[in-house]
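Okay, so here's the structure we're looking at.
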Amino acid sequence: MFQLLSIRQFFRDMRHQKLRTFMTMFGILWGTAAVIILLGFGTGLYKYQIKRFKGLGENICIFWPGLTSKPWKGLPRGRRIRFTEEDVARIKASVTSLKRISPEFARSSVPMKTGRNNLVARVAGVWPEFSEMRNLIPQAGGRFINAMDMAEKRRVVFLGNRLAERLFGQGDHVGRTFFIDNIPFTVIGIMSPKEQNSSYSGRDYNHAWIPSSTFKTMWSHRYPQMMIAQAQKPSMMGRVKKDIEGVLGTKYSFDPEDTEALMIWDTTEGFKFFATFFLAFRAFLVGIGCMTLVTGGIGVSNIMNVVLEERTKEIGIKMAMGAKKRLIMIQFMFETILLTAIGGALGFLLAFGIMKAVPPSLTENIGEPTVTLAGGLMAIGIIGVIAIVAGFFPARRAANLEPVKALKLF
Amino acid sequence: MISMKNIRKVYNTGKVSFEALRDINLEVEDNEYIAIVGPSGSGKSTLMNLIGCLDTPSDGEYYLSGRKVDSLTANELAGVRNREVGFVFQAFNLLPYASAYENVELPLLFSGMRSKKRKKRVVDLLNRVGLGEKLQNKPTEMSGGEMQRVAIARALGNDPKLILADEPTGNLDTKSGAEIIKIFDELWETGHTVIVITHDMNIANHCQRTIKLKDGMIYNGNGFPVKKQTASAAGLN
Ligand SMILES: Nc1ncnc2c1ncn2[C@@H]1O[C@H](COP(=O)(O)OP(=O)(O)OP(=O)(O)O)[C@@H](O)[C@H]1O
Ligand SMILES: [Mg+2]
């Protein structure tokens, strides 16, 4: 009954103050929508960028042959350091912090011929593990190079999706045969399209991969162009690099501290920078939203102060009848929280409406705005804190009124 | 019932301070029927507010039903007002948007009475003041006399021993005023202590004892209560 009384009273007061209530509610609504939308777009963009980052591969490190920059054990600087496929196999057997590794033999502008097309493309010779490291996921019905292909030096090829299209046109081409450097090869898989924002020697969709064993018999390369390694855990990448440098340094006699004997691209470092940058960026966006919300909160506090002026007499009556401070306080807080909650809920709706309305042409470039559960809860928490702070001061003023003065008995 | 010793009340407005009550000594026994009279500004309402624990004295000691109440906290005073004192005001002071029922319910809500018991109590109280038919009327839908009767029903909510009325008939015509005074008579006869501020000498004479205030001091009627007498015995009924 009492709750009812005060809720009814709340709506009566709010009706009475239509314009002011609307403006106040709008402040909270707008603030909430700003927080949610900025949070949503920030998260969407972040996830999209992560996905593109992982296009190259997840937590991988790439090693190229280099030139020594320090003399070592009587040997001069400037010597060429290269590694063979057997070295990669030795590294795989001895470095325990390693999860996967593969050499990559490569040859660019290799002529390819189908019944209808002639073109040139990059061909790489790799191990089966290469697929997981570099996120080369076969489309349904296809597969990547496997151990049998390796052992039997099969003439099989895995194609980038764009290259497959250029060779054969649209459709499923697994099982078809065409010529690579005049030798017939069978297509075993085509790469699923993927977002990729970094690469070496061009985007993956235009490449072809064959078993390294087949590659060597075709072109008799002795040295891979590079090798790609993946650590057990991203945090173990430092050790992987050290161990690989150790193994090769012993064999080819170079200073393990020599940073130029092997050229290394550790993609986890870029990722770390990227993640930190984005964290700051998102915090900045949410900060802007919060400012708006705080402004809304000040509006709520103002309207509650006006409500207090108008209700002073009523508060006096209640106090004369024995209402304790706490009760007066709770009633005021309750109303502020209700006002904020309604504004906040409408703000959520508006934000979700706007995010749903983002056209696909835009989401292609900035990712799909998403609000995670944690993000949503955080926003609700912020709104809650603002409601409590905005309600507290008018509520305390109300509770501290002197009954006699509030009653205006004189 | 009431014992006041050297009570002072000083109002500070800006730099000026004003002594609204000076050196008040007052003893009231259980079941007295008292009128407080005096010129405007003499401090009657101020004294009443102190008696009813709506306000605290600047100085002096005040015992209500044997308990020292001059320096209680705001919350303790709220408890005293809720259970031990019933207030009736000249301006009725009903919540304008609430029905008679909801107004009478207020002090019962604050004392935490269970809803079943509360419901019965509210209906009983409104029947007692003759408003059993108007439970759902809002103040705007009632006459002044009816509003004042709702206020009395509300004052009786938690069955206080002490009833305080500050010019309860000030806004009423003679007939409605007489009805209100009749209810006070009944309350006195059923054992309540009743204190009424009034400018109406008929009502003052009708009471058992009159306290006269002037310039914040009791200058007559301050003494031992006269022997108990009924309203009819006083020949004023
Ligand atoms: N809050 C206050 N601040 C300053 N002065 C006050 C305050 N309340 C009352 N007074 C002063 O105290 C004096 C007594 O006031 P009080 O209301 O008790 O008079 P009263 O006897 O009830 O008068 P009336 O018959 O007109 O109701 C008055 O002079 C008034 O101006
Ligand atoms: Mg007065």
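The values are calculated or read from the model by the stated rules, or taken from the named source; none is laboratory data. Computed from a predicted model, the values in this text were never measured in an experiment. Because the Cβ atoms are built from the backbone with ideal geometry, glycine has one as well, and the counts that use them run over all protein chains shown. We work out accessible area using only protein heavy atoms, side chains counted, and drop any ligands, DNA or RNA first. Shrake-Rupley method; radii C 1.70, N 1.55, O 1.52, S 1.80 Å.
If you take all other residues with their beta carbon under 12 Å from the beta carbon of A:Lys251, and give Lys and Arg +1 and Asp and Glu -1, the sum is -1.
DSSP beta bridges confined to the protein assembly as shown are antiparallel in about 65 percent of cases. Spatially, the range A:146-223 and the range B:61-97 are offset by 92 Å when compared through their Cα centroids. Heavy-atom accessible area with a 1.4 Å probe sorts A:Arg100, A:Arg12, largest first, into A:Arg12, A:Arg100. Working note: Karplus 6.51/-1.76/1.60 with θ = phi - 60° gives the range A:83-94 the couplings 10, 9, 4, 5, 4, 4, 4, 5, 4, 4, 6, 9 Hz, where Gly and Pro are set to x. Based on protein heavy atoms only, chain A ends up with 48 Å² per residue of surface accessible to a 1.4 Å probe.
The amide H of A:His207, built 1.01 Å from its N in the peptide plane, has A:Gly160, A:Leu163 as neighbours under 5 Å, considering only residues 5 or more places off or on other chains. Averaging 1/r over every pair of different alpha carbons in chain B and inverting the result gives a Kirkwood radius of 18.3 Å.
In this simple spin-label model, placing a label point 7 Å from the Cα along the Cα-to-Cβ direction at both B:Asp59 and A:Lys251 gives a separation of 10.4 nm.
Convex hull over the Cα atoms of the range A:127-223, averaged projected area in nm²? It would help to have the intermediate numbers written out before the result.
Values: hull surface 25.7 nm².
Its average projected convex-hull area is 6.4 nm².
In this calculation the C-beta distance from A:Phe392 to B:Glu76 is compared with R0 = 30 Å, giving a FRET efficiency of 0.80. All C-alpha to C-alpha distances of the protein assembly as shown, sorted into 20 Å bins beginning at zero, yield P(r) values of 15, 28, 17, 14, 15, 10, 1 percent in whole numbers.
Projecting the Cα atoms of A:Ile244, A:Leu262, A:Leu308 onto the dipole axis of the range A:195-353, where Lys and Arg carry +1 and Asp and Glu carry -1 at the beta carbon, places A:Leu308 farthest toward the positive end.
Annotation: amide H-H contacts under 5 Å for B:Ile163 (H modelled 1.01 Å from N, sequence separation of 5 or more, or interchain): B:Gly86, B:Thr193, B:Val194, B:Ile195. Dipole size of the protein assembly as shown about its Cα centre, with +1 on Lys/Arg Cβ and -1 on Asp/Glu Cβ: approximately 2320 debye, rounded to the nearest 20. The amide H of A:Gly66, built 1.01 Å from its N in the peptide plane, has A:Ile81, A:Met263 as neighbours under 5 Å, considering only residues 5 or more places off or on other chains. GNM remark for chain A: springs join alpha carbons under 10 Å apart, and the peak mean-square fluctuation among A:Pro193, A:Pro128, A:Pro360 falls on A:Pro360.
Leaving ligands and nucleic acids aside, the B/A contact buries around 2300 square angstrom of accessible area in total at a 1.4 Å probe radius.
A cut-off under 15 angstrom between Cβ atoms defines the neighbours of B:Glu141, and their net charge, with Lys, Arg +1 and Asp, Glu -1, is 0.
Subtracting the Cα-Cα distance of A:Lys18 and A:Ser109 from 0.36 nm times their residue separation leaves 25.4 nm of extension gain. Sequentially through the range B:14-22, phi angles give Karplus couplings (6.51, -1.76, 1.60; θ = phi - 60°) of x, 8, 8, 10, 10, 8, 6, 9, 10 Hz, Gly and Pro residues having no value and appearing as x. Couplings 3J(HN,Hα) for the range A:203-213, derived from phi with the Karplus relation 6.51 cos²θ - 1.76 cosθ + 1.60 (θ = phi - 60°), are 6, 5, 5, 9, 10, 10, 10, 10, x, 4, 5 Hz, where x marks Gly and Pro. Bridges between two residues of the range A:60-267, per DSSP, are antiparallel at a rate of about 80%.
Expressed as a whole percentage, what fraction of the accessible surface of the protein assembly as shown belongs to carbon and sulfur atoms when a 1.4 Å probe is rolled over the protein heavy atoms?
Using a 1.4 Å probe with all protein chains present, the protein assembly as shown comes out at 57 percent carbon and sulfur.
For a paramagnetic label modelled at 7 Å from the Cα of B:Ser143 toward its Cβ, which residues of the range B:175-205 fall within the zone defined by backbone nitrogen distances under 12 Å? Label zone hits: B:175-180. Between A:Tyr223 and A:Ser69, the distance separating the two model label sites (each 7 Å from Cα on the Cα→Cβ line) works out to 1.8 nm. Within the range A:60-267, the proportion of C-alpha pairs whose separation exceeds 20 Å stands at 58%.
Note down the magnitude of the dipole of chain B about its Cα centre, charges +1 on Lys and Arg C-beta and -1 on Asp and Glu C-beta and zero elsewhere, to the nearest 20 debye.
540 debye
Model label points for A:Gln170 and B:Asp159, set 7 angstrom from Cα along the Cα-to-Cβ axis, are 9.0 nm apart.
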